[in-house]
Amino acid sequence: MPYQFLDFHAPMQDNVTPMRRYTIHRDVAPSTPRIDYEKELNEEQLKVVMDEGGPILVIAGAGSGKTRVVTYRVARLLEKGASPNGILLLTFTNKAAREMLHRVEHLLKIDTRYIWGGTFHHIGNMILRQNCELAGFKKNFTILDNEDAKDLVEVVLKESKIDTKARMFPKGGVLKEIFSYCVNTMSSIEESIGEKTPYFCDIVDEISQVYRLYTEKKRLTNAMDFDDLLYYWHRVLAENEHLRRLYAGTFTHILVDEYQDTNRIQSEIVDFMGLINRNVMVVGDDAQSIYSFRGANFQNIFEFPKKYEEAKIFKLETNYRSTPEILGLANNSISHNRQQFFKVLRSIKKSGVIPVVAPSRDVIQQAEFVVQRILELRDEGMPLDHIAVLYRAHYHCMELQMELTRRDISFEIRSGLRFFEQAHIKDVVSFLRVMVNPDDEVSWLRMLRIFPKIGRKTAERIYAYMKASGNPFDLLVSKKIAGQFKNIQKDTLETWSRLFRELTDLYEQEALSDMITAVLKHGYTEYLKFNYPNYESRLEDLGQLINFSTKYQSLENFLSELSLMSGISGEEIIAADRDEERVILSTIHQAKGLEWKVVFIIWCAEGRFPNPKAIEDGGLEEERRLFYVAATRAMDELYLCYPMLVFDRQVGHVILKPSRFISELSGSHYDEWQITEY
């Protein structure tokens, strides 16, 4: 039968306005399968893909092809006649959703634009653009990224009249983390502080006051932060039965990737959306649940079969990534966890090198060993970008960075600022955001302070005056603002007049790249020259931002996507074509989902890994899952390194023991190397 696209709000695309409706009929459902599933999938994967429906829990071990399973499951549903508008694919990166849907297009040769695919925040944004009035917002609401949200918290903290000079008070960034945890765990401020920051319990009333003011300020300025995209999505569904049943009836199939990383509010949203049809397939690995610090609820994956009693449970245990020796070590390690869905990963690869435990005299020798082994691997033909060094905490790699620099080995640290979070990018984007949402206080304050002689107080006064006038752009273009603010420089008034006249015209033409060029032309290039020593490289970044903007035909969509792209680094955007090989240095948390031929895990010492505070908080099993994640990033070779002697400023030299994650391993799963002097 042909697909029938429901008369329903379609997902926003770059060239589609969010209010457009579609009634489309396409004869794309074949009478016989186009895909030879038995050829393309192993037996475990095939059972999942061909299942008839209902609630499904897929326990997908590391490297077992879960992305392939989700992709082929979507393709199978489409082949069987499911409407693309009725499929909801929830992932933890928009890139993952795009890649899956692109693969489906390749498999079936059909258009998948009308499948709802993306992150929870992305889908929440799409739904709230249609229903935000139910939450008290206008459709042109701004999305605050983390830095903007922190700035707005600072604004309301100042307005609260709380005397932050009388005693130490948490800064905006700390408060924002508390607020975020509160939303994602669906707990009160008091509960969140008690669990995460008990040392703030004596000022819980003041923090609650700031939270209320922050919530009110976002509503007044028509802005939502990332957490609001989940909070208000959940709220409009919870409070409106008609809307809840409308979406639950529309989505005939819901697929959730990385379910072990969902938090409470995300889990409840999934339950709302699957309320009627109950064709909910969640895919995840309990052994890779490592994000409790940001609100992920490890219990979600365990409670799924309890919430959906008819749920079928499948396990993917065939590993395509690592050698049998590496998997033997990983299986042995995770077997010490009590709470888990038991599984044993099996490798399809031939036998390889047994993992190595490499104790060193001190942290300097640890760095020397890692670098020397990297050089040996390079001489053997191993590309540097196939090698990664992983660690529990970022400071663990300090000596290694020094040694790599000394030996002139290129490396990349995966913990720097994201491309779109850099100051100069955010400065330019603030001009664009006020064009879309003239009530956006954060962007106005950031933008105004770029100009000479305008500090925070003056910027706040200017913003208040413009907001009261109802037409801020007319005040700037006509220069009438000079009558109220005598101290604004004449050159600044001229720049504002020319710039906002040009931006207004270009906004009407949806000329995004020209709008960015106008900002550079009217003052910002000069600002870069006088404020940053690396002016030329920052200007190159903005040139790449101009190129990137040409992919979008709507400024609103461009800004929404920019705010949601926190997972994409500058290297991925502006240097994708560089072929320079670099060793990857990464925390284990940031390495999840990735793989390398050779992996070094450094500082595998008791007191460093597992993290002592995590053990105090009852998180030993999550720490072991973190070790499991690190080990299963390795494809061919795995090295577990630790220093035996460290210097502590307070107590002097300290002898370190190997991590309990090494001590509890069976000796048959690793070789211990004696490090010689380098």
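The values are calculated or read from the model by the stated rules, or taken from the named source; none is laboratory data. This structure is a prediction, so every number in the text was calculated from the model and none was measured. When we count neighbours, we look across all protein chains shown, and the Cβ atoms used for this are built from the backbone with ideal geometry, even at glycine. What goes into the accessible areas is simple: the full protein's heavy atoms, side chains included, and nothing from ligands, DNA or RNA. Shrake-Rupley method; radii C 1.70, N 1.55, O 1.52, S 1.80 Å.
Test residue 161 against the stated conditions and say whether it is open to solvent by 10 Å² or more (accessible area, probe 1.4 Å) and more than 25 Å from residue 261 (Cβ to Cβ).
Details: open to solvent by 10 Å² or more (accessible area, probe 1.4 Å): yes; more than 25 Å from residue 261 (Cβ to Cβ): yes.
Judged against the criteria, residue 161 is a match.
Only one of these is open to solvent by 10 Å² or more (accessible area, probe 1.4 Å) and free of Cβ contacts under 8 Å to residues at least 24 places away in the same chain: 380, 421. Name it. Before you say what the answer is, go through the steps one by one.
Details: 421 fails: free of Cβ contacts under 8 Å to residues at least 24 places away in the same chain.
The conditions single out 380.
For region 190-228, give me each residue that is of a type in the set (Val, Ile, Thr) and over 19 Å from residue 161 (Cβ atoms).
Of the residues in region 190-228, the ones of a type in the set (Val, Ile, Thr) are 193, 197, 203-204, 207, 210, 215, 221.
Residues satisfying the conditions are 193, 197, 221.
In region 547-556, how many are open to solvent by less than 30 Å² (accessible area, probe 1.4 Å), in a helix (DSSP H, G or I) and over 17 Å from residue 434 (Cβ atoms)?
Initially, region 547-556 is screened for residues open to solvent by less than 30 Å² (accessible area, probe 1.4 Å), giving 548-549, 552, 554-555.
Subset that is in a helix (DSSP H, G or I): 548-549, 555.
Subset that is over 17 Å from residue 434 (Cβ atoms): 548.
The total comes to 1.
Applying the selection to region 529-547, what residues are more than 23 Å from residue 511 (Cβ to Cβ) and free of Cβ contacts under 8 Å to residues at least 60 places away in the same chain?
Passing the criteria: 529, 530, 531, 533, 534, 535, 536, 537.
When the residues of region 547-578 are filtered to those that are β-branched (Val, Ile, Thr) and over 16 Å from the mean Cα position of the chain (by Cα), which remaining residue is modelled with the lowest pLDDT?
First pass over region 547-578, keeping only residues β-branched (Val, Ile, Thr): 550, 568, 573-574.
Now narrow it down to the ones that are over 16 Å from the mean Cα position of the chain (by Cα): 550, 574.
Numbers: 550: 81, 574: 37.
Per the stated criteria, the residue is 574.
Condition test on residue 628, is it modelled with pLDDT of 95 or more, among the hydroxyl-bearing types (Ser, Thr, Tyr) and either over 19 Å from residue 287 (Cα atoms) or surrounded by fewer than 22 Cβ atoms within 10 Å (Cβ to Cβ) (or both)?
Considered against the rule, which asks whether it is modelled with pLDDT of 95 or more, among the hydroxyl-bearing types (Ser, Thr, Tyr) and either over 19 Å from residue 287 (Cα atoms) or surrounded by fewer than 22 Cβ atoms within 10 Å (Cβ to Cβ) (or both), residue 628 comes out as no.
Considering only residues that are surrounded by fewer than 16 Cβ atoms within 10 Å (Cβ to Cβ), assigned to a helix (DSSP H, G or I) and out of contact with any Phe, Trp or Tyr (no Cβ under 7 Å at 6 or more places or on another chain), which ones fall in region 521-543? Talk me through it step by step, then tell me what you get.
First, the residues of region 521-543 that are surrounded by fewer than 16 Cβ atoms within 10 Å (Cβ to Cβ): 521, 525-526, 529-534, 536-537, 540, 543.
Remaining after also requiring assigned to a helix (DSSP H, G or I): 521, 525-526, 529-531, 536-537, 540, 543.
Within region 521-543, 521, 525, 526, 530, 531, 536, 537, 540, 543 meet the criteria.
Residues are listed down the side, and each one gets a yes or a no for (1) open to solvent by less than 10 Å² (accessible area, probe 1.4 Å); (2) at pLDDT below 90; (3) among the hydrophobic types (A, V, I, L, M, F, W, C):
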site: 102; (1), (2), (3): no, no, no
site: 109; (1), (2), (3): no, yes, no
site: 119; (1), (2), (3): no, no, no
site: 124; (1), (2), (3): yes, no, no
site: 127; (1), (2), (3): yes, no, yes
site: 132; (1), (2), (3): yes, no, yes
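Looking for whichever is open to solvent by less than 40 Å² (accessible area, probe 1.4 Å), at pLDDT 95 or above and under 28 Å from the mean Cα position of the chain (by Cα) here; the options are 374, 387. Which one fits?
387
Going by the conditions given, is residue 113 in a loop (DSSP other than H, G, I, E, B), basic (Lys, Arg) and over 18 Å from the mean Cα position of the chain (by Cα)?
Numbers: in a loop (DSSP other than H, G, I, E, B): yes; basic (Lys, Arg): yes; over 18 Å from the mean Cα position of the chain (by Cα): yes.
Yes, satisfied.
Which numbered condition trips up residue 159, out of (1) touching a helix residue (DSSP H, G or I) at 6+ places or on another chain (Cβ under 7 Å); (2) without any contact (Cβ under 8 Å) to a residue 40 or more places away in the chain; (3) within 17 Å of residue 445 (Cβ to Cβ)?
It is condition (2) that residue 159 fails.
If you take the residues of region 75-90 that are charged (D, E, K, R) and assigned to a helix (DSSP H, G or I), which of them is most open to solvent (accessible area, probe 1.4 Å)? Give the steps one after another, and end with the answer.
Of all residues in region 75-90, those charged (D, E, K, R) come to 76, 79-80.
With assigned to a helix (DSSP H, G or I) added as a condition, the list becomes 76, 79.
On the way: 76: 42, 79: 15 Å².
In this case the residue turns out to be 76.
When you scan region 459-481, how many residues do you find that are more than 35 Å from the chain's Cα centre (by Cα), at negative phi and surrounded by fewer than 17 Cβ atoms within 10 Å (Cβ to Cβ)?
8
So which of 58, 48 ends up being touching a residue at least 40 places away in the same chain (Cβ under 8 Å) and either surrounded by fewer than 19 Cβ atoms within 10 Å (Cβ to Cβ) or not in a strand (DSSP E or B) (or both)? Before you say what the answer is, go through the steps one by one.
Numbers: 58 fails: either surrounded by fewer than 19 Cβ atoms within 10 Å (Cβ to Cβ) or not in a strand (DSSP E or B) (or both).
Only one candidate qualifies: 48.
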